[in-house]
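Contents: one structure, followed by commentary.
The values are calculated or read from the model by the stated rules, or taken from the named source; none is laboratory data. The model shown is predicted, which means the values in this text are computed figures rather than measured ones. For neighbour counting, all protein chains shown are included, and Cβ atoms are generated from backbone atoms with ideal geometry for every residue, glycine included. Just so you know, the surface numbers come from the protein's heavy atoms only, side chains and all, with ligands and any DNA or RNA stripped out. Shrake-Rupley method; radii C 1.70, N 1.55, O 1.52, S 1.80 Å.
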Amino acid sequence: MIDFSELALSPNESRAARNFLGLSQAQAAEKSSLPAHKLKRFETGNYVPDAQFLEELREFFEGEGYNFHDEDAPGAKAKARGDVFPAGVVGETGSATDETDGSPLKNQGKLRRPQMVPLQFMRITPALNLDQVDRIFDGIETNEEAISAGMVQPVRNGFLSDAPSPATQAQAVALLRRLAENGLLYARLMGRELVPVPQGSAPAATIGELLGLAMGDLQRAVVDGDTEAQARRKGRAEPVEVLQALVG
């Protein structure tokens, strides 16, 4: 259980500040130059980013003119106890009666604000650096957005047929591919490389090597940060055939 009142910023306070300023999560992330995936997951209340992210996000909101009306230094008690570390918050925490709830000053007195929520940790392999982790989460977010947009596309039937057209089938397979990509990316976060990238230019001899060829640019672009692979992924045309959706 995490007491968000011990942190520099709580998910509710972040949402309140962002809504007060009229910013979407994407706009707040862009203006603050902070990772969008961290902001999105933090505001769900089930993810605690590193202390520096929270402090910078709070400073951004304050710089934009939002007043949190805090009377005590945020997070001071947690820092004094040693509960706050660069990777987030650990150890038992508990709210105190002298913590402010961030209410306007017209609400007299300091109110207790125990914002205790269940918190599930995801172990991220130390083999990845912070830039790689950020790129992976951004890649997952991009795929999720594309999947959400593609799910509402209408089914178009083939010529003189009641079956879905080849283009519609290709679009569905392209979404399945994005789901598969996200599965590979989550596996990489946990230190598993399910589909290794083939080395050299030899033809694929196994199904795994064929998948490796199809998914090679995913690792090069997202995990390794290869700019040419990133450009290829961004430049992929909308598939019109199933094979193109699988390996294009």
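Total residues in the range 37-46 satisfying the condition of being out of contact with any strand residue (DSSP E or B) (no Cβ under 9 Å at 6 or more places or on another chain) and open to solvent by 60 Å² or more (accessible area, probe 1.4 Å): the figure is 2.
Among the residues of the range 200-214, the ones that are surrounded by fewer than 10 Cβ atoms within 10 Å (Cβ to Cβ) and of a type in the set (Asp, Glu) come to 0 in all. Taken together, the criteria place Arg233 among residues that are surrounded by 15 or more Cβ atoms within 10 Å (Cβ to Cβ), in contact with an Asp or Glu (Cβ under 6 Å, 6 or more places away or on another chain) and under 29 Å from Leu34 (Cβ atoms). Kindly evaluate Pro198 against the criterion of being in a loop (DSSP other than H, G, I, E, B) and in contact (Cβ under 8 Å) with a residue 24 or more places away in the chain. For Pro198, the condition - in a loop (DSSP other than H, G, I, E, B) and in contact (Cβ under 8 Å) with a residue 24 or more places away in the chain - is not met. Only residues that are touching a helix residue (DSSP H, G or I) at 6+ places or on another chain (Cβ under 9 Å) and outside any helix (DSSP H, G or I) were counted in the range 137-158, giving 6.
When we screen Glu145, Glu228, Glu193, Glu238 for residues that are surrounded by fewer than 15 Cβ atoms within 10 Å (Cβ to Cβ), of a type in the set (Asp, Glu), touching a residue at least 60 places away in the same chain (Cβ under 8 Å) and out of contact with any Gly (no Cβ under 6 Å at 6 or more places or on another chain), the only hit is Glu238.
Scoring Ala170 on the criteria (1) part of a helix (DSSP H, G or I); (2) under 19 Å from Pro126 (Cα atoms); (3) not hydroxyl-bearing (Ser, Thr, Tyr) leaves a single failure, condition (2). Condition test on Glu209, is it of a type outside the set (A, V, I, L, M), in a helix (DSSP H, G or I) and either modelled with pLDDT of 85 or more or on the phi > 0 side of the Ramachandran plot (or both)? Yes; evaluated as a whole, the condition is true for this residue.
Taking the stated definitions as given, is Leu175 open to solvent by 90 Å² or more (accessible area, probe 1.4 Å), out of contact with any strand residue (DSSP E or B) (no Cβ under 9 Å at 6 or more places or on another chain), of a type outside the set (Val, Ile, Thr) and not in a loop (DSSP other than H, G, I, E, B)? Let's see the steps before the verdict.
Numbers: open to solvent by 90 Å² or more (accessible area, probe 1.4 Å): no; out of contact with any strand residue (DSSP E or B) (no Cβ under 9 Å at 6 or more places or on another chain): yes; of a type outside the set (Val, Ile, Thr): yes; not in a loop (DSSP other than H, G, I, E, B): yes.
No; evaluated as a whole, the condition is false for this residue.
Of all the residues in the range 97-142, those that are open to solvent by 50 Å² or more (accessible area, probe 1.4 Å), at pLDDT below 85 and among the hydroxyl-bearing types (Ser, Thr, Tyr) number 1. Within the range 10-30, the set of residues being open to solvent by 60 Å² or more (accessible area, probe 1.4 Å) and closer than 21 Å to Asp50 by Cα comprises Asn12, Arg15, Ala26, Gln27, Glu30.
Does Asp217 qualify as being surrounded by 17 or more Cβ atoms within 10 Å (Cβ to Cβ), touching a helix residue (DSSP H, G or I) at 6+ places or on another chain (Cβ under 7 Å), without any contact (Cβ under 8 Å) to a residue 40 or more places away in the chain and under 19 Å from Gly139 (Cβ atoms)? When the stated conditions are applied, Asp217 passes them.
For Ser33, the criteria (1) modelled with pLDDT of 85 or more; (2) within 25 Å of Gln132 (Cβ to Cβ); (3) surrounded by 16 or more Cβ atoms within 10 Å (Cβ to Cβ); (4) under 19 Å from the mean Cα position of the chain (by Cα) hold in every case but one, which is (3).
Within the range 47-57, does at least one residue satisfy the condition of being open to solvent by 40 Å² or more (accessible area, probe 1.4 Å), hydrophobic (A, V, I, L, M, F, W, C), touching a helix residue (DSSP H, G or I) at 6+ places or on another chain (Cβ under 8 Å) and part of a helix (DSSP H, G or I)? It would help to see each step written out before you state the result.
Of all residues in the range 47-57, those open to solvent by 40 Å² or more (accessible area, probe 1.4 Å) come to 47, 52, 55-56.
Those left that are additionally hydrophobic (A, V, I, L, M, F, W, C): none.
No: zero hits.
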